[in-house]
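Take a look at the structure below.
The values are calculated or read from the model by the stated rules, or taken from the named source; none is laboratory data. Note that the structure is a prediction, hence the values are computed from the model and not measured. Quick reminder, even Gly has a Cβ in these numbers, built from the backbone with ideal geometry, and neighbours come from all protein chains shown. What goes into the accessible areas is simple: the full protein's heavy atoms, side chains included, and nothing from ligands, DNA or RNA. Shrake-Rupley method; radii C 1.70, N 1.55, O 1.52, S 1.80 Å.
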Amino acid sequence: VQGIVTARIDLLPPEEKQLVQHASVLGKVFWSDALADVAGLEPWQLQDGLRSLERKEFIRREHRSAMAGATQHAFQHALVRDAAYGQIPRAVRAARHVSAAEWIESLPDDRSEDRAATVAHHYTTALELFRAAGEDDSSLRARASRALQDAGERSLQLHSYGAAANFLEQALELVGEDAEPSPALLLAAGTAFGYVGRTGDELARAVEAFERAGEH
């Protein structure tokens, strides 16, 4: 079945095939503004392409959008998204995930609420792809760690302690053994670990780090 889907994608005009691939990086559900930014298209170019893909039943337009000011679309089937995503070289995929994360980070607060986990997903996926492709990931580590910290802190606010612990554990891992995590990261991680019954020295280290920074 996936071979048939891939063949259908290959039969698309080049610009529509690229549009499907760009959309696949954003996920099964995506927004017109994000797609325009990642694909580098003008709004009129994007709308023509989206309408054509709707007619060919690759995607559908949703009646409501979770992103103010943008239309929301979804792939008709997860296999379409997976097949398009699999056609993109790893290094290119990584760069597009970074672009997607940067677009979300550029949104004003009234449009970006509860997007922390999505930003973290894009940065960590890009990091994994860079590593798999043998590329240098040093420039992304700090950004991914910060995104994971934001996602963890947001999960704590929502009382989703398991998710918070997972995000913050990954954030600590990306800091590396040769650097000291920020006091805020240690505090958030220690708090989340405590809620899930995990013992550690993160809170004690956070106290020491805050004191060294003069924040008693």
Fill in the blank from the handout: A careful count of residues in the stretch 187-214 that are within 29 Å of the chain's Cα centre (by Cα) and among the small types (Gly, Ala, Ser) gives 8
Practice task
Kindly indicate the residue of the stretch 8-18 that is of a type in the set (A, V, I, L, M) and open to solvent by 10 Å² or more (accessible area, probe 1.4 Å) and also nearest to Glu54 (Cα to Cα) among those meeting that condition.
Solution key: Leu12
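Per-residue answers, yes or no, for (1) open to solvent by 60 Å² or more (accessible area, probe 1.4 Å); (2) farther than 30 Å from Gly69 by Cα; (3) at pLDDT 95 or above:
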position: Glu128; (1), (2), (3): yes, yes, no
position: Ser138; (1), (2), (3): yes, yes, no
position: Ser160; (1), (2), (3): no, no, yes
position: Leu168; (1), (2), (3): no, yes, yes
position: Tyr195; (1), (2), (3): yes, yes, yes
position: Arg198; (1), (2), (3): yes, yes, no
position: Ala209; (1), (2), (3): no, yes, no
Completion exercise
Only one of Ala68, Ala132 is within 29 Å of Ala7 (Cα to Cα), modelled with pLDDT under 90 and open to solvent by 50 Å² or more (accessible area, probe 1.4 Å), namely Ala132
Problem - Contacts under 7 angstrom Cβ, first residue in the stretch 185-214 being of a type in the set (Phe, Trp, Tyr), partner open to solvent by 50 Å² or more (accessible area, probe 1.4 Å), 6 or more apart - result: Phe193/Gly200; Tyr195/Tyr161
Fill in the blank from the handout: Scanning the stretch 84-98 residue by residue, those more than 14 Å from Leu19 (Cβ to Cβ) and surrounded by 20 or more Cβ atoms within 10 Å (Cβ to Cβ) turn out to be Arg93, Ala94, His97, Val98
Practice task
Search the stretch 117-131 for residues that are under 13 Å from Ala171 (Cβ atoms) and pair each with any residue that is of a type in the set (Val, Ile, Thr) and surrounded by fewer than 24 Cβ atoms within 10 Å (Cβ to Cβ) when their beta-carbon atoms are under 6 Å apart and the residues are at least 6 apart or on different chains.
Solution key: Val119/Ile104
Exercise for the section: Considering (1) basic (Lys, Arg); (2) in contact (Cβ under 8 Å) with a residue 24 or more places away in the chain; (3) over 25 Å from Arg198 (Cα atoms), say which one Arg154 fails and leave the rest. Expected result: (3)
